[in-house]
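The values are calculated or read from the model by the stated rules, or taken from the named source; none is laboratory data. The structure presented is a predicted model; accordingly, all values stated were derived computationally and were not measured. Virtual Cβ from ideal backbone geometry, glycine too; neighbours counted across all protein chains shown.
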Amino acid sequence: MAIRSSAAAPATALSLGLLLALPVATGPGAGLPLASAVIGGLVSPAIAEPVALTSGQSAARETYDNAVKNFVSILRQRRAQIDSRQPLPNLPGQALYLARVEMMSAYKDLTDALPSRIGRPNRFGIPPAYFDADNEPLLDEYRALFDVMEAPPASAQGSDTPFKDVVDLATAIARGRGLDAANAATAGRISLGLFFAETNGKQNAGNARSNTYKGSLQTGPSEDRNGQRKWAAIKGSIAVLDPALSRRDDREEARAGNLDHRFNHWTAVRDALMNAHADIFPQVPAIAKALPDPIDQMKLFELIQIIPTPTRAALQSGNLVGHRISDPRIMGYLRNNSIFAFGRVDRARTSATFREILDAMWLFNAKFEQALAKSRGIEAGKQG
């Protein structure tokens, strides 16, 4: 789960989807394995630049070149450790994540200083001012390493229909909270977006940057227990609304037994939704009116993961998109989740409206597009 805060005590958590903070690449060449020789030699070739650079431009170029070299070095180190079956350090994804953020930040500073360095679009949908498409193989390897480091434990209990499970559970919970069928379906679609945002749609995922947050929606132990308690309180009404889903829930509970509920896909999703989102589902009609774009709706619910208290305040303000955040602590939570995180200009921001925050969540766009496509398939009767 993302970095969250509360009025009483902020809690730090890191979601797999936000850790990677990269959409799944699509198109020709997407997902190809990156050979160690490529990692060893790949640094983007220089684009034509003015003959004479200012001292600031030269410094920006040097900083970026060093950031790329550092990212390559850490990728090579982690790949060598994995391939030789060496023990990995605690939180093995942290250094990778920070190096990737620093590379993108340095590139944004470089393109601010030298707009001629802005290149072609990339497979990941990252704005070209933030990422050099020639370095796509580095991000392919980055994702591949996280896939290894965050593989589910051997005891994890998966589902043959992980995406449909998310939609079915969210829809049933929303109906239990009083929504009609159409708005409950919207809640189901939004929740599928959370699954992609948190784990790239991978069930029972681990977390290479946190020893606390695990599973399909990346919850901590206390959050999972809270979700279990809330589910028990509405289980009776759910059984009336959807007897088949209630029977499935009984089977999954029996199957999980004494297993950590976060490593049974069904119970992990159920408990996570009950913990953080069920109380917001009754506001879905108002949210859809204020944010007609389904991608924005998903982003808002992801912000409930990242900054729950400010997001709830924005929902209650009567001016959702215009509600402004200026607390340095909250701005820090956003930056730690790849929002206003790249380059000096973004990092210098001291406040932002929710409209500006939603627009700055561009790293989530492709994830949510995937969720929308998967949702349409489920609505069309395809299992997922």
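I'm trying to understand the selection: among the residues of the range 73-115, which are of a type in the set (Lys, Arg) and either part of a helix (DSSP H, G or I) or closer than 30 Å to Ser55 by Cα (or both)?
Those that are of a type in the set (Lys, Arg) and either part of a helix (DSSP H, G or I) or closer than 30 Å to Ser55 by Cα (or both): Arg76, Arg78, Arg79, Arg100, Lys108.
For the range 106-158, how many residues meet the condition of being hydroxyl-bearing (Ser, Thr, Tyr) and farther than 30 Å from Pro87 by Cα?
Residues flagged as hydroxyl-bearing (Ser, Thr, Tyr) and farther than 30 Å from Pro87 by Cα within the range 106-158 amount to 4.
Here's the yes/no breakdown for (1) without any contact (Cβ under 8 Å) to a residue 40 or more places away in the chain; (2) in the same structural domain as Ala256 (by TED's automatic domain parsing); (3) at negative phi; (4) in a helix (DSSP H, G or I):
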residue: Tyr130; (1), (2), (3), (4): no, no, yes, no
residue: Leu139; (1), (2), (3), (4): no, no, yes, yes
residue: Ala144; (1), (2), (3), (4): no, no, yes, yes
residue: Ser159; (1), (2), (3), (4): no, yes, yes, no
residue: Val166; (1), (2), (3), (4): no, yes, yes, yes
residue: Thr171; (1), (2), (3), (4): yes, yes, yes, yes
residue: Arg175; (1), (2), (3), (4): no, yes, yes, yes
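For the range 237-274, how many residues are in a helix (DSSP H, G or I), crowded, with 21+ Cβ neighbours inside 10 Å and in contact with a helix residue (DSSP H, G or I) (Cβ under 8 Å, 6 or more places away or on another chain)?
Selection size over the range 237-274: 12.
Report yes if Ile306 is under 30 Å from Thr111 (Cβ atoms), in the same structural domain as Leu192 (by TED's automatic domain parsing) and either within 21 Å of the chain's Cα centre (by Cα) or among the hydrophobic types (A, V, I, L, M, F, W, C) (or both), otherwise no.
yes
Evaluate the following for Ala348: is it surrounded by fewer than 21 Cβ atoms within 10 Å (Cβ to Cβ), out of contact with any helix residue (DSSP H, G or I) (no Cβ under 8 Å at 6 or more places or on another chain) and without any contact (Cβ under 8 Å) to a residue 60 or more places away in the chain?
yes
Taking the criterion of being free of Cβ contacts under 8 Å to residues at least 40 places away in the same chain, part of a helix (DSSP H, G or I) and buried (at least 20 other Cβ atoms within 10 Å of the Cβ), would at least one residue in the range 275-285 satisfy it?
Among the residues of the range 275-285, not one is free of Cβ contacts under 8 Å to residues at least 40 places away in the same chain, part of a helix (DSSP H, G or I) and buried (at least 20 other Cβ atoms within 10 Å of the Cβ), which makes the answer no.
Residues that are touching a residue at least 12 places away in the same chain (Cβ under 8 Å), assigned to a helix (DSSP H, G or I) and not polar (S, T, N, Q): does the range 203-214 have at least one?
Looking for residues that are touching a residue at least 12 places away in the same chain (Cβ under 8 Å), assigned to a helix (DSSP H, G or I) and not polar (S, T, N, Q), one finds none in the range 203-214, hence no.
On the given criteria, is Ile173 at pLDDT 95 or above, buried (at least 23 other Cβ atoms within 10 Å of the Cβ) and more than 21 Å from the chain's Cα centre (by Cα)?
yes
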